[in-house]
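A.B. asks: What follows is a single structure, and I will ask about it in a moment.
What follows draws every value from the coordinates through simple rules; no lab data is involved. Remember, predicted model here, so these are calculated numbers, not experimental data. When we count neighbours, we look across all protein chains shown, and the Cβ atoms used for this are built from the backbone with ideal geometry, even at glycine.
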C-alpha cells in the first residue's frame with residue numbers, strides 16, 4: 001500500500017536534517033540526498049526478513065524535496081522498525097543509468113543494518129544472483145541513540161606515546177582456544193582487554209567494522225563460493241557497526257555492544273582506531289550488485305568515465321568513490337564526525353588514502369579538499385588520522401601525502417627493515433634513516449618523526465613468523481592459483497621453507513623475529529604491531545588472507561604458551577620504549593652541530609672506524625638522553641644500541657659512558673655480547689640487537 005504522510009504544521013515539526021532516520025517527538029523524520037531522482041518511495045517493514053513492506057510512502061518533488069534533499073516525516077513510524085527506499089530518476093549524460101523503481105535501496109546514513117542474523121549465513125542468497133529485493137536484502141534499522149556515556153572518558157593519548165595493535169575483531173577471539181564466552185564479537189574483544197592492557201599497547205586498530213557483506217563471494221557461484229570476505233574492505237553502510245560482530249543481535253543491538261566495547265577499552269587506557277574504506281564500496285564495478293549509492297545517484301557518488309560510461313577503478317575493487325565531490329565530501333565528514341561524537345572513536349586509518357587525493361576525473365590534486373577538511377575539522381582535532389598513502393593505480397605518496405597533520409603508514413620502514421635483517425648489502429644507511437624517524441621523508445615543513453607509523457607486518461602480507469619462515473608466498477587456499485598477493489616480500493626462510501624440526505633454524509627464526517620487533521620499538525615514530533606477532537602467529541605462508549575465515553587467519557591462543565618468551569620480550573620492549581623519552585622524540589636528530597658541545601646521536605662503525613653505509617651489515621649508535629635533546633622534563637638514560645645483521649660477530653670501539661657505567665638492558669641473542677672494557681671493545685653476536693643504558 002502506498003500512502004502519503006499526514007501533514008503537521010506545528011512548530012515542533014522536524015526539519016529535514018540531519019540525514020538518515022531520526023526519531024522525533026512524533027514518529028520519525030527520514031532524509032536523504034539525490035540530485036537526479038524524480039520520484040522516491042520510502043518502505044517500512046515490521047520484520048527484518050519481511051519479503052514485502054508493511055507500508056510505503058511516496059515522496060514527491062513538490063511536497064518532499066528541498067534542493068537535492070528528499071525528506072518525509074512519518075508519524076506512524078517507530079523505533080525498531082526497518083526501512084528501505086526505491087527511486088526513479090534520470091542521470092546526466094555520460095553516466096550509466098542505475099535508477100530502477102523496482103530496486104530496493106539501503107539508506108547510506110543507516111545507523112544499523114539488519115541482514116543475516118549470524119556471520120556466514122547466506123540468508124536466502126542465490127549463487128550467481130546479486131540480491132535485489134526480498135527477505136535477504138539488508139534493511140536499515142530505526143534506532144534510538146540514548147546510550148549512557150557517563151562512565152566514558154576521552155583519553156587523548158599523545159601521539160608520541162602511542163603504541164598501536166592492529167587486529168581483526170572476529171579473528172582475535174573466534175578461535176576455539178581464545179577462552180572467551182562470546183567468540184568473534186565486540187563482547188569477546190572486551191574479554192581480551194586485560195591481555196592488551198598487560199601487553200602495554202595504547203591503541204587498538206580494528207580492520208573494517210562498518211557493515212559489509214562477508215558472503216559476497218558466495219554470489220559468484222564458482223570455486224570461490226565457500227570463501228568469505230573476511231577482512232571487510234567492501235563497505236555496505238558507513239555509519240553502521242557490523243551486526244554479525246554483535247553477540248546479542250543484529251537489529252540495533254550492535255550499536256550498544258560497540259559502545260560498551262569503547263567504554264571498556266577507554267577504562268583500560270586503550271584508544272580505539274577504525275580502519276575506514278572511503279575509496280570504494282561493496283557495489284563493485286560494472287555488473288556488481290546494487291545496494292545503495294549506485295541506485296540513489298550513481299553520477300554523484302562514483303568516478304565515471306564519461307566516454308565509456310564505465311567506473312574508474314583506482315581502488316582495484318571495481319569502483320572508486322568520488323571523494324572530492326562536495327556531496328560525497330559532506331557524506332564522509334558527517335560519517336567521521338558521527339564515529340567520533342556519537343561512538344567515541346579516537347582515530348582512523350584510511351585505506352588506500354591516495355584515492356582521497358584524486359579529483360572527479362581521477363587526476364591527483366595538489367591540495368585535495370577532503371584531505372584538508374578532515375585535518376582541519378573542529379570535531380576531529382583530537383583525533384588521530386593515518387593515511388595508507390598509496391592506491392591500486394600505482395600512486396605512492398609515502399612522504400608526500402598532501403597534508404601535514406596526517407600521519408602515514410611508512411611502507412619504506414617495513415621494506416627497509418626486512419631487507420636489512422635479511423642481510424642485503426647496501427641497506428645499512430637506509431636502516432639508520434628508518435631508525436631515526438625517516439627524515440628523508442618527513443623532515444620538511446617543520447614536520448616531525450610522528451608522521452611515521454612504523455610497522456614490519458600488518459594484516460596485508462606475511463605475519464612476522466611467516467616472514468622468517470617462507471621465502472615464497474603460498475596462497476593456494478585463495479583459489480586464485482597463487483597469483484594474488486605481493487610477490488616482493490623481502491622475506492627469508494632462514495634456510496628451510498615452512499615448518500621444520502631443525503632446532504638451529506627455529507632458534508634463528510625466533511631471533512630474527514626479535515630483531516625486527518626490537519628495531520620497530522627502538523625507532524623514532526609510532527610503532528604498530530599486528531595481532532599475534534608477539535607470540536608467533538602463522539598464516540601457513542599465505543600473504544593475502546583476505547578471504548580466509550578459518551584457522552589460517554584466526555589468532556591461535558595456544559601459541560601464547562608455546563612462544564611465551566617472545567611475548568614477554570615484546571612486553572619488555574614496549575615498557576622500555578615507554579620508560580625512555582629518547583625513543584619518543586618530537587624532533588629529528590641533528591648529530592654534531594656547530595657550537596654544540598655534544599651530539600644528540602653518535603654513529604659508530606665496526607672496529608672503531610666510521611660506518612661504511614653502503615657496505616657494512618652492522619652499526620651502533622649512542623643516543624644522548626639529556627632533556628634538551630629529548631624534550632622531556634628531565635634527563636633520560638643514555639642509550640647504546642647495536643644492530644648486527646651480519647652472520648658473524650662484529651666488534652665496536654665504544655666511547656666512555658656519558659653517565660654511569662654501561663649496563664646491559666637486553667639482547668635478542670641467547671648469549672650476551674663480549675666486552676673488553678679496558679679496550680672499550682664490544683663484540684656483538686651475529687644477527688642480534690643489543691641495548692645498553694647509562695643512567696645520568
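A.B. asks: Calculate how steeply helix 326-341 sits against the longest principal axis of the alpha-carbon atoms of the chain, using the helix alpha-carbon long axis, and give the answer as 0 to 90 degrees to the nearest 10.
C.D. replies: 70
A.B. asks: Right, next: For the pair residue 674 and residue 97, how long in nm is the line joining their label points, each one 7 Å along Cα→Cβ?
C.D. replies: According to this spin-label approximation, the distance is 8.4 nm.
A.B. asks: Now a separate question. With viscosity set to 1.306 mPa s and temperature to 10 °C, compute the Stokes-Einstein D of segment 2-141, Rh being the Kirkwood radius across alpha carbon pairs; µm²/s, no decimals.
C.D. replies: Numbers: Rh = 15.9 Å.
For these conditions, the coefficient is 100 µm²/s.
A.B. asks: Would you mind ranking 338, 83 by Cβ crowding within 10 Å, fewest neighbours first?
C.D. replies: 338, 83
A.B. asks: Related question: With the crude spin-label approximation of a point 7 Å out along Cα→Cβ, what separation in nm comes out for residue 305 versus residue 404?
C.D. replies: 4.0
A.B. asks: Per residue of the chain, what 222 nm ellipticity follows from adding -39500 (n - 2.57) for every DSSP H run with n ≥ 4, rounded to the nearest 500?
C.D. replies: The helix-only estimate for the chain comes to -5500 deg cm²/dmol at 222 nm.
A.B. asks: Using the 2.2 N^0.38 Å rule of thumb for compact globular proteins, work out how segment 391-479 stacks up: its C-alpha Rg over that value, please.
C.D. replies: 1.23
A.B. asks: What distance in nm separates the simple spin-label points at residue 330 and residue 153, each placed 7 Å from Cα in the Cβ direction?
C.D. replies: 3.9
A.B. asks: Exposure proxy check: 36, 280, 638 ranked by fewest other beta carbons within 10 Å?
C.D. replies: 36, 638, 280
A.B. asks: Right, next: For the Cα atoms of the chain, what angle does the longest principal axis make with the long axis of helix 253-267, in degrees from 0 to 90, nearest 10?
C.D. replies: 30
A.B. asks: What are the extents of the Cα atoms of segment 286-336 along their three principal axes, in Å, largest first?
C.D. replies: 30, 21, 19
A.B. asks: Which semi-axes, in whole Å and largest first, does the equivalent ellipsoid of segment 339-379 have when worked out from the alpha carbon gyration tensor as the square roots of 5 times its eigenvalues?
C.D. replies: Output for segment 339-379: semi-axes of 24, 12, 7 Å.
A.B. asks: Would you mind putting 514-523, 136-145 in packing order, based on average other-beta-carbon counts within 10 Å, highest first?
C.D. replies: 514-523, 136-145
A.B. asks: Using only Cα atoms, find the angle between the long axis of helix 503-521 and the longest principal axis of the chain, and express it within 0 to 90 degrees, rounded to the nearest 10.
C.D. replies: That helix lies at roughly 70 degrees to the long axis.
A.B. asks: Still on this structure, I have one more. Where the centroid of each part is defined by its Cα atoms, how far is segment 325-345 from segment 115-182 in Å?
C.D. replies: Measuring centre to centre over Cα atoms gives 18 Å.
A.B. asks: Report the relative contact order of segment 2-141, percent, no decimals, based on alpha-carbon pairs under 8 angstrom and at least 6 residues apart.
C.D. replies: In percent, rounded to a whole number, it is 25.
A.B. asks: Continuing with the same structure: Give me the distance between the Cα centres of segment 16-53 and segment 249-317, rounded to whole Å.
C.D. replies: 19
A.B. asks: Turning to a different aspect of this structure: Determine, for each peptide in 415-421, 479-485, the mean count of other beta carbons within 10 angstrom over its residues, then list the peptides with the highest first.
C.D. replies: Descending mean neighbour count gives 415-421, 479-485.
A.B. asks: Right, something else. Suppose we keep just the DSSP beta bridges with both residues in the chain; what percent of those would be antiparallel, to 5?
C.D. replies: For the chain, the DSSP antiparallel bridge percentage is about 70.
A.B. asks: Put one equal scatterer on each alpha carbon of segment 321-401, apply the Debye formula with no solvent term, and list log10 I(q)/I(0) at q = 0.26 1/Å to two decimals.
C.D. replies: The Debye formula, applied to the Cα set alone, gives -1.36.
A.B. asks: For 408, 58, what ranking results if the residue with the fewest other Cβ atoms within 10 Å of its Cβ goes first?
C.D. replies: Least to most surrounded, the residues fall as 58, 408.
A.B. asks: Same structure again: Give the calculated FRET efficiency between residue 681 and residue 248 to the nearest 0.05, with a Förster radius of 60 Å applied to their Cβ-Cβ distance.
C.D. replies: Between residue 681 and residue 248 the formula returns 0.40.
A.B. asks: Quick check: Cα centre of segment 86-100 to Cα centre of segment 396-442, how many Å?
C.D. replies: When both Cα centres are located, 46 Å separates them.
A.B. asks: Further question on the same structure: Can you give me the relative contact order of the chain as a percent, contacts being Cα pairs under 8 Å and 6 or more apart? Please report the intermediate quantities before stating the final value.
C.D. replies: Working: 1629 pairs, mean separation 69.6, N = 696.
Relative contact order for the chain comes out at 10 percent.
A.B. asks: Follow-up question, since we're still on this one. For the chain, count the residues as N, evaluate 2.2 N^0.38 Å, and divide the Cα radius of gyration by that value, please.
C.D. replies: Compared with the compact-globule rule of thumb, the chain sits at 1.03.
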